[in-house]
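J.: Here it is: the structure, laid out below.
The values are calculated or read from the model by the stated rules, or taken from the named source; none is laboratory data. None of these values were measured; they are calculated from a predicted model. Here Cβ is always computed from backbone atoms with ideal geometry, including for glycine, and neighbour counts include all displayed protein chains. For the accessible areas, the whole protein counts, side chains as well, though only heavy atoms, and no ligand, DNA or RNA atoms are used. Shrake-Rupley method; radii C 1.70, N 1.55, O 1.52, S 1.80 Å.
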Amino acid sequence: MLNATERSSEIFETAQRYIPGGVSSANRRVEPNLTFTRAEGAYIYEADGQRYIDYHAAFGPAILGHCHPEVNRRVAATLDRIDLIGAGAGELEAQLAQKIVEHVPSAEKTLFCNSGSEATYSALRVARAATGRRKLIKFQGCYHGWHDAVAMNVISSAAKIGQRDLLSAGMTPEVVEDTLVLRFNDVEELTRVIERRGDEIAAVILEPIPHNIGTVMPHDAFLRRMRDLTAAHGIVLIFDEVVTGFRHTLGGYQAVAGVTPDLTTMGKAIANGFPLAALCGRADLLDRCGPDGDVFFAGTFNAHPVGVAASLATIDILERPGSYEHLFGLGERMRAGMTMLIDRYGIQATSTGFGSVFVTYFMSAPIDDYDDLLRNDVAAFVRFRREMITRGVYMLPVNLKRNHVSLAHTVQDIDTTLEAAEDVLKQMR
Ligand SMILES: Cc1ncc(COP(=O)(O)O)c(C=O)c1O
């Protein structure tokens, strides 16, 4: 049984003394407080060297596995030649934009920044500029970053559903009030709101699969109706593919669904763990963000050669035949294996996910929107994950969090994970 070691606890104590709560991003503070000091492929190593199979994947970036040698070599070679110049066009940046335009259906042009939050911020700003409208629609359960327009209604308590459930104090009320929060997969509500208030609404933003609450699959009719309604009312449709971009094919989930938004945001997996995010979409919208446009888009570190080189290397690897077959195959093996165990031990649980993403909710289906997830047994969900950690499998022990398979995981890793899961489920029966 693995547990936090002495060295791990010492590092955590020091961090806590100098950093609020010991972490620089709110969701990183979890029990047990393990401190990881090395990562390689499918594994992360705690300070005293204990190895864990990693499915947390830093919330999603590590699609090839940690410290991928080809990516790291490309980054190192780039750094031997150039760091940040910050003037003029970038050679690598142009190559990467071209690749994204080739792969992502909605992308006619692309801009780069450093985080998903920056990308969604700019997507909303350009939508407002293009439409001359203020309001936007987001959906309960979707996360789009930390800024005021969207930092609300992700994992809400039952009492907060139907109201604005803010993630933070200090947000500007006028900004918050411009965001309408609707139910995911509810075609009727979406139709009603857009037909009544369409001329006030600048943008509809969504995670095409809301992975910030695990995996809730979009109904085909929901996405198609949304596309038709937004087009008919001149509303900018934004797919936030910060999790799904490159993870569910190089074209994102839009390529799978066959629904093309006006704007797309991507981050996380596009550079396999190096900081890079992208805003891409219709040329007429993106051009407004250029130096001749009326929407201000800037950033000292935007399109930093480190992230751009990492992304080019990541694309090279993902373009190879078999990459997505491997990712999707392992995801399916895990989901099917979990379903078998759930049935065998008579646990009230549902194994779901898409592609390389898997999650086991402790509740029965159907799961079509956030309201359904209120039936999830939070204590069982978190206990299962904590128990998996003591058996050397790292799944973030926080309610509704998803797991990720990477290209570095093997069939053996999945089977080892399923053996550990069997042991835990037997106990939980
Ligand atoms: C779908 C989605 N959009 C946007 C963001 C914000 O990205 P970042 O944390 O890089 O600012 C996240 C982060 O988890 C996300 O999952």
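J.: Pairs needed: first member in segment 105-120, within 16 Å of residue 268 (Cα to Cα); second member anywhere, near the ligand (Cβ under 9 Å from one of its atoms) and open to solvent by 40 Å² or more (accessible area, probe 1.4 Å); C-beta distance under 6 Å; at least 6 residues apart or different chains.
T.: Final answer for the pair search is 114/275; 117/146.
J.: Which residues, taken from segment 263-273, are away from the ligand (no atom under 11 Å from the Cβ), open to solvent by 10 Å² or more (accessible area, probe 1.4 Å) and not small (Gly, Ala, Ser)?
T.: Passing the criteria: only 272.
J.: Here's a follow-up. Before we move on, is residue 256 more than 15 Å from the ligand (Cβ to nearest atom), part of a helix (DSSP H, G or I) and open to solvent by 10 Å² or more (accessible area, probe 1.4 Å)?
T.: Yes; evaluated as a whole, the condition is true for this residue.
J.: Quick check, is residue 8 farther than 30 Å from residue 331 by Cα and out of contact with any Gly (no Cβ under 7 Å at 6 or more places or on another chain)?
T.: Yes; evaluated as a whole, the condition is true for this residue.
J.: Are any residues in segment 403-418 surrounded by fewer than 23 Cβ atoms within 10 Å (Cβ to Cβ) and in contact with a Phe, Trp or Tyr (Cβ under 9 Å, 6 or more places away or on another chain), and if so, which ones?
T.: 408, 413
J.: In segment 293-383, which helices (runs of 4 or more DSSP H) lie fully inside it and hold 3 or more residues that are surrounded by fewer than 14 Cβ atoms within 10 Å (Cβ to Cβ) and outside the structural domain of residue 279 (by TED's automatic domain parsing)?
T.: Those helices (runs of 4 or more DSSP H) span 323-344.
J.: Let me ask you something else. Out of all the residues in segment 1-32, which are open to solvent by 60 Å² or more (accessible area, probe 1.4 Å) and either in contact with a Ser or Thr (Cβ under 8 Å, 6 or more places away or on another chain) or modelled with pLDDT under 90 (or both)?
T.: 1, 3, 6, 7, 31
J.: In the set 353, 329, 346, 392, which member is in contact with a strand residue (DSSP E or B) (Cβ under 8 Å, 6 or more places away or on another chain) and farther than 29 Å from residue 49 by Cβ?
T.: Step by step, each of 353, 329, 346, 392 is checked, and only 353 is in contact with a strand residue (DSSP E or B) (Cβ under 8 Å, 6 or more places away or on another chain) and farther than 29 Å from residue 49 by Cβ.
J.: Which condition does residue 35 not pass, out of (1) in contact with a His (Cβ under 9 Å, 6 or more places away or on another chain); (2) closer than 15 Å to residue 395 by Cα; (3) open to solvent by 20 Å² or more (accessible area, probe 1.4 Å), if it passes all the others?
T.: (1)
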